[in-house]
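As structure tokens, the structure follows; a few thoughts come after it.
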Amino acid sequence: MHIPEGMLPAGQAAAWYAPAAAFVAGGIVQVKRRLARAAEYKAMLGLMAAFVFVVSLMPVPVPGIGTVSHPCGTPLAAILLGPFAAVLVGAVALLMQALFFAHGGITTWGANILSMAVAGSFAGYGTYVLARRLGLGLGAAAGLAGFLGDLATYGVTSLQLALGLHGDQSIPVVWATAFVSFLPTQVPLAIAEGLFTAGVLVFIARQREDILKGVELAP
Amino acid sequence: MKRWLIVIVLVAAFIGGVLATGSRWEGDVTEAATEPLAQQTGMEEKQVLPWSVEGDLLLFVFLTGGAAAGFAFGYNWHKLFGSPGNKPGDEKREQGLGRGVA
């Protein structure tokens, strides 16, 4: 989902910065509040920052497709840290990747924050909360959150590409074309991300249930 | 033991699948999706930063970044889930790395 440098029209690339900045500011506030409440939040923040940085940079080949892609990590981070804090973590990871790892770009940083950090976090977190309220178990809710958070990220990337690069075609058609072209590679990775997210939540619930006290709808 | 066996089988199946397809594994899926659209509208990737990271330098920064993130992950993991046998006064800790050595 890392839209490369210069691929979006300058006006649109700049416009994506405004909502991204608002979410990042919300992330700073959420992190400050939670750090003041729980000492171990700092360790979880460090753990998730390293996790999101690595998994969103890792090119995973999908057998039979021939292209590589990556999971997002932000749905899991959003469940454990809170959705705004996960946006902050994702934004920092994307900045590092743009500056030093030839992934994404500075001009497209705002757009990439909106897709991976905001959409991934909020879709994942929203799915988790909704699924838990509907009575799903912790693992199933987390798995669904990982799966849909991953796909939401690519849905928003497709929208950004459609808005910026639709040319003479209609935006919905370009959006659908781009999103469908992502699916063969991304669906297997979204399933893997869902399984991983579920596995981590269940592991934490078994090993250290007290960590999940700050997590909404934890067991 | 049974769980580890399942993990090993799954990883082996994945690696086997990757190798069996014989693809060149070139390009991120986003680039593959973006390029046709960019060509239609005349957009192309630009270099904005005064430096570029390519070739062996890219390998180096990936390795360094991965190692740094790995250390950060491990450090914080240990803080949260550190093994019970690694607390002050525990037998394993007192033995350190010399455990089992005369």
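FYI, it's all coordinate maths here, none of it is from the lab. Being a predicted model, the structure only gives us computed values, none of them experimental. Cβ atoms come from the backbone with ideal geometry, glycine included; neighbour counts cover every protein chain shown.
Where a ≥ b ≥ c are the square roots of the eigenvalues of the C-alpha gyration tensor, would you call the stretch A:97-219 rounded, which needs a/c under 1.5, or, failing that, prolate if a/b is larger than b/c, or oblate?
Taking the square roots of the gyration eigenvalues as a ≥ b ≥ c, the stretch A:97-219 is prolate.
Let me spell out the model: positive unit charges on the Cβ of Lys and Arg, negative unit charges on the Cβ of Asp and Glu, origin at the Cα centre of the protein assembly as shown. What dipole size does that give, in debye rounded to 20? Don't skip to the end; give the middle numbers.
Numbers: 19 positive and 19 negative charges, 312 e Å.
Once rounded to the nearest 20, the dipole reads 1500 debye.
Counting helices only, and only those DSSP H runs with n ≥ 4, report the 222 nm mean residue ellipticity of chain A as the sum of -39,500 (n - 2.57) divided by its residues, in deg cm²/dmol to the nearest 500.
-23500 deg cm²/dmol
Give the residue from A:77, A:115, A:170 lying farthest towards the positive end of the charge dipole for the stretch A:10-214; charges sit on Cβ (+1 for Lys and Arg, -1 for Asp and Glu) and the dipole is referred to the Cα centre.
Farthest along the dipole direction, towards plus: A:77.
How would chain A be classified by its alpha-carbon gyration tensor: rounded, prolate or oblate, with rounded meaning a/c under 1.5 and the a/b versus b/c comparison settling the rest?
prolate
For the stretch A:32-65 and the stretch A:164-215, write down the distance between their C-alpha centroids in whole Å.
15 Å
Check each of the trypsin sites (Lys or Arg not before Pro) in the stretch A:128-209 and keep only those in coil by DSSP with at most 13 other C-beta atoms within 10 angstrom; list them in order.
A:208
My understanding is that a pair violates if its Cα-Cα distance is over 25 Å; which of A:42/A:213; A:213/B:2; A:42/B:2; A:32/B:46 do that in this structure?
Listed pairs above 25 Å: A:213/B:2; A:42/B:2; A:32/B:46.
Quickly work out the residue A:195-to-residue B:53 label distance, labels modelled 7 Å from Cα along the C-beta direction, and quote it in nm with one decimal.
3.0 nm
What do you get for the angle between helix A:83-100 and the principal long axis of chain A? Use alpha-carbon atoms, 0 to 90 degrees, nearest ten.
50 degrees
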